[in-house]
Amino acid sequence: MKNTVCMSCRSTALEKFLDLGEQPNGNFFPAADEVENEPRFPFSMLVCQDCWQVQIEEFPSPEFMFSNHPYITGVNMPVVDHFHRMADRLIEKYELKKNSLVLDIGCNDGTLLGIFADRGMRTFGVDPGQRTGKLARENGVVVAETFWTEASARAIRSLNFRPDLITATSVFYHLQDIHDFIRGLRQVMNERTVFSAQCVYLLDVLEKNQFDHFYHEHTMIHAVAPLKRLFESHGMRLLDVERYDVHGGSFVLDVGLENCVHPTRSSIEETIRAEENAGLFEISTYRDFTARVEKNRDDLRELLETLKAEGKTVDALGAPLKGSTLMNYCGIGPDLIRRATEVNEFKIGKVTPGTHVPIVDENAPEIRADPPDYYLLLAWNFADFFRKKYHDYLARGGRFILPHPELQVI
């Protein structure tokens, strides 16, 4: 599907600011014998010059991207730690009690809902993923295996569900019809309900050159100002926003109905002023970003080619979706990277999308017997975690290559 209008405000004042070429679905990891028929899709990013929403130009169907989604929350320890902090903060801020009902949209394997359940709350998940839905049910979570839409929300409302808290972590920027999603929220919310969405923050993406946060799943990258305008158009009110370091820079935005009992905090207007001061509402900011991204790409390729000429070995640490964007955009394949290491069972034994680097278990004997001279840290957003986990490797002279915000070797 191709976007010809802004997905948020419906304006046609869109400018393309970054073309990442044709790329595969970064969350489909083919076997080595499946690479011949791997589909690719156009991949460019646009910004609306009326509301300053950033969005993808063209995307595949959601069924293609999400029905067999390989991401598993529970194996990602920095995210699990973040969920504990976020859950405790929401419980404190909105005085949630035992038996409060928490609904998680895009619940994955149920990790976040498990935290609320451990605190005595009732939980319910919505997620279209077949693999992760099975894991969630094994973890004791009740899951509706569907996408969140106005129609599915209406069906859930018929069960007399009135959640006290609705969460959507790393989901609210995966949407192809954000208005339908919000109409679904209104189906089940009342004056006490809080919708809390965790999103990758556009400000961090631009300031830190995080172009690999763009991929086909991420149909939109959010800032607070465009979302304020969007929610107000649906009779809803922003309540609070807090920033977190997870995923390289995120925010958690809380929203209620216009008559919500919870007040709007000063953080909303303070954040919007900071976005304006950072140039998020100026087209030159996006053009400058693209120039830095192109330099980043060229510097990374030059480094990898130099290391290859010197006889050094380089592996990729992790095979996250953002790594697919980076490797495909930079043209990094098996000629420069020997293999990628992973902990996710759905990726091990496959190859990286589009670039076809073999993916192996990070604890495989061949890794211990022949560690690389360098790891390209594709999961750069968890650099601190990997520094601790790979302390011995680094102490023995191993090196990490970090692609952002500027290329560096540590």
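The values are calculated or read from the model by the stated rules, or taken from the named source; none is laboratory data. As the structure is a prediction and not an experimental result, all values here were calculated from the model. Here the Cβ positions follow ideal geometry from the backbone for every residue, glycine too, while neighbour counts run over all protein chains shown. Heads up: the accessible areas ignore ligands, DNA and RNA and are worked out on the full protein's heavy atoms, side chains in. Shrake-Rupley method; radii C 1.70, N 1.55, O 1.52, S 1.80 Å.
Cβ separations smaller than 8 Å between residues 6+ apart or across chains give the following pairs from the stretch 358-385 residues that are free of Cβ contacts under 8 Å to residues at least 40 places away in the same chain and closer than 22 Å to Met327 by Cα to residues that are open to solvent by 70 Å² or more (accessible area, probe 1.4 Å) and of a type in the set (Asp, Glu): Val360/Glu366.
Report yes if some residue within the stretch 156-163 is on the phi > 0 side of the Ramachandran plot and of a type in the set (S, T, N, Q); otherwise report no.
So far as the stretch 156-163 goes, yes, one or more of its residues are on the phi > 0 side of the Ramachandran plot and of a type in the set (S, T, N, Q).
For beta carbons closer than 8 Å, sequence separation of 6+ or different chains, a first residue in the stretch 11-39 that is farther than 18 Å from Gly331 by Cα and in contact (Cβ under 8 Å) with a residue 24 or more places away in the chain and a second that is assigned to a loop (DSSP other than H, G, I, E, B) and among the β-branched types (Val, Ile, Thr), the qualifying pairs are Ser11/Val5; Leu14/Thr4; Leu14/Val5. Taking the criterion of being modelled with pLDDT under 95 and of a type in the set (D, E, K, R), the residues of the stretch 47-61 that qualify are Glu57, Glu58.
Checked against (1) crowded, with 21+ Cβ neighbours inside 10 Å; (2) modelled with pLDDT of 95 or more, Ala309 meets all criteria but (1). Kindly indicate whether Glu232 is open to solvent by 10 Å² or more (accessible area, probe 1.4 Å), closer than 24 Å to Arg10 by Cβ and without any contact (Cβ under 8 Å) to a residue 12 or more places away in the chain. Here the answer is yes, as Glu232 does meet what is asked. Scanning the stretch 1-58 for residues that are in contact with a strand residue (DSSP E or B) (Cβ under 7 Å, 6 or more places away or on another chain), of a type in the set (Lys, Arg) and not in a strand (DSSP E or B) gives no hits.
Scanning the stretch 392-410 for residues that are of a type outside the set (A, V, I, L, M, F, W, C) and assigned to a strand (DSSP E or B), we see that the one that is least open to solvent (accessible area, probe 1.4 Å) is Gln408. Within the stretch 276-294, the set of residues being part of a helix (DSSP H, G or I) and farther than 18 Å from Met45 by Cα comprises Glu276, Asn277. Looking only at residues in the stretch 1-42 that are closer than 23 Å to Pro226 by Cβ and of a type in the set (Asp, Glu), the one that is least open to solvent (accessible area, probe 1.4 Å) is Glu15. Checked against (1) touching a strand residue (DSSP E or B) at 6+ places or on another chain (Cβ under 7 Å); (2) open to solvent by less than 50 Å² (accessible area, probe 1.4 Å), Gly184 passes all but a single condition, namely (1). Inside the stretch 114-139, can you point out the residues that are in a helix (DSSP H, G or I), surrounded by 17 or more Cβ atoms within 10 Å (Cβ to Cβ) and free of Cβ contacts under 8 Å to residues at least 60 places away in the same chain? Scanning the stretch 114-139 gives Gly114, Ile115, Phe116, Gly133, Ala136.
Apart from one condition, Met77 fits all of (1) more than 30 Å from Glu276 (Cβ to Cβ); (2) modelled with pLDDT of 75 or more; (3) of a type outside the set (D, E, K, R); (4) open to solvent by 70 Å² or more (accessible area, probe 1.4 Å); the exception is (2).
For residues that are closer than 19 Å to Met121 by Cα and crowded, with 16+ Cβ neighbours inside 10 Å, scanning just the stretch 140-158, find the one that is modelled with the lowest pLDDT. Among residues in the stretch 140-158 that are closer than 19 Å to Met121 by Cα and crowded, with 16+ Cβ neighbours inside 10 Å, the one modelled with the lowest pLDDT is Val141. Here's a check for you: in the stretch 91-113, which residue that is buried (at least 22 other Cβ atoms within 10 Å of the Cβ) and part of a helix (DSSP H, G or I) is farthest from the chain's Cα centre (by Cα)? Filtering the stretch 91-113 for residues that are buried (at least 22 other Cβ atoms within 10 Å of the Cβ) and part of a helix (DSSP H, G or I), the one farthest from the chain's Cα centre (by Cα) comes out as Leu113. Considering each residue of the stretch 260-316, count those that are within 23 Å of Leu378 (Cα to Cα) and of a type outside the set (A, V, I, L, M, F, W, C), and give that number. Selection size over the stretch 260-316: 18.
Taken over the stretch 242-266, the criterion of being open to solvent by 30 Å² or more (accessible area, probe 1.4 Å) and among the aromatic types (Phe, Trp, Tyr) is satisfied by Tyr244 alone.
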